[in-house]
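Enquirer: A single structure is presented below for examination.
The values are calculated or read from the model by the stated rules, or taken from the named source; none is laboratory data. Only a predicted model underlies this, so the values are computations on that prediction, with no experimental measurement involved. Methodologically, a virtual Cβ is constructed for each residue, glycine included, from the backbone with ideal geometry; neighbour enumeration extends over all protein chains shown. Just the protein is used for accessible areas: all its heavy atoms, side chains included, with ligands, DNA and RNA removed. Shrake-Rupley method; radii C 1.70, N 1.55, O 1.52, S 1.80 Å.
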Amino acid sequence: MSYEPDGQDQPPYRPHGQQPGRQQGRQQGPPQYAPQGGRPQQPYGRAPQGQDQYRPGGFDEPTQAQPRYERPDYEPPRFDQQRPGQGYQPGPGRPPYEQQQYGYSEPPYGEEPRRKSKVKRWIIAGVTVLALGGIAAGTMAYFEIPPFTDKGKDVSFGGPAAGDKNGAAKPAPNSKMSMPTGPKTEFKNTSTLSDGTQIGVATVTGKKSGFTGKVWVWAPKEYSDPKFAKSGFPVMIALPGGPGFPGNYWMGTDLGLQTSISKWYHEGKGKPFILAMPVLNPAPDDGGVYWDGSDIPGQPKMGTWLTEDVPDLMRENFRTVKSRDGWAFMGSSTGGFAGLKAVLKHPDKFKAVIASGPDIVPDSSLWKGHDKEKAENNPELLAKQLIDKKGPDVYLAFQVGDNESNKKTLPDVQKFVQTYTKGPIHTSLRVIPGGQHNAKTYVPNMGLGPMEFISKVMEGPVE
């Protein structure tokens, strides 16, 4: 069994002193500026007494006796000093040519450049600081750098467990809900959703299996709503495919399982499930080795871990439903197999499952030499036994893509549904057009039939 889970132009360079569009009579090319220390030119047409007058054909043609631009008091005229009809003249309300082209212009001679007011400068500085601060905060939050993330902080999930100093009173004997029994587990935040709900994680040692592994948990917003303070909520144990260790890909927010649970509930298609997302395997499935969510002799007791220790953890920390009517599995690929098998093997504890792209029979290489135990974990044989016993009723919602990587998956599931849908076994099958063997295919399609199918027969929230 394998699973692969699834995102400004600069003005042209001009030599120093060259102005665009400037002409000097019939002469082309950049003007030669006065040497350092030259005095500014008098207004056009007025030369100092005793100095050469400019020739009428151009701006500043010197006489033969005086080399061009070599007088210490000479500097070429400014455009804003030109006569009408000579060169560029800005019209009313239009900036000088240089300002239009390059965004700048010099102030008239003798005037100081206009300074920005202190208030404006402070506003600009403040906006800059706020912008940089926002960028920094966003970056630190993205990379989960304190204090801009709550990752790693304690998660309370709606209040203290029963038996705590401020714990709530015990429910009535005939109540359908079960208060948290304790001891309280310390969950640490791994993600915060847009609605403020959190996904927490804890490392748990199963009292019955002896296995130590991580379990991620999430509760819908309704769980903390005072309106439901005395209500028990249904629990769904969500199992991944593929390695299933050291993580559980349902705990991520990219697949949208948690937000979909809330959405389906508000649309009337589902229950407000609390999600338990444990590791599926005790180690990576290198070389195709996996544990089938079962107690294989000589191996960690992963069947006991999933069907006893994880539910016990949820009862210790959450208000849950007492009966099996509030307990279900969901899984894809090998996780779908494990959930299907758990419901058929323990119908007294679990009422329903959504199995996406599951295998139908156990096929781990670790079963070698253990045929008896392998048969005890075979969904086909377990279904037959349940039919023979005439109950209790279970509800199995299958969904399979018609483009699964394993071409046997769809026909195997179809055969199972055709053969065992009778008596206490109730099934539904959604064939996903173009659907592939991945969680991104399965999550949105859960809301198109499978979730509603199991939610109709489950309970919660209940008092």
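Enquirer: Checking Thr149 against (1) open to solvent by less than 100 Å² (accessible area, probe 1.4 Å); (2) at negative phi; (3) modelled with pLDDT of 70 or more, which test does it fail?
Expert: Going through (1) open to solvent by less than 100 Å² (accessible area, probe 1.4 Å); (2) at negative phi; (3) modelled with pLDDT of 70 or more one by one, Thr149 breaks only (3).
Yes/no matrix, rows are residues, columns are (1) touching a Pro at 6+ places or on another chain (Cβ under 6 Å); (2) under 29 Å from Pro450 (Cβ atoms); (3) crowded, with 22+ Cβ neighbours inside 10 Å:
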site	(1), (2), (3)
Gly182	no, no, no
Asp195	no, yes, no
Val215	yes, yes, yes
Trp218	no, yes, yes
Glu222	yes, yes, no
Ala238	no, yes, yes
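Enquirer: Just wondering, is there one or more residues in region 406-415 that are assigned to a loop (DSSP other than H, G, I, E, B), of a type outside the set (Gly, Ala, Ser) and open to solvent by less than 10 Å² (accessible area, probe 1.4 Å)?
Expert: For region 406-415, residues assigned to a loop (DSSP other than H, G, I, E, B), of a type outside the set (Gly, Ala, Ser) and open to solvent by less than 10 Å² (accessible area, probe 1.4 Å): absent.
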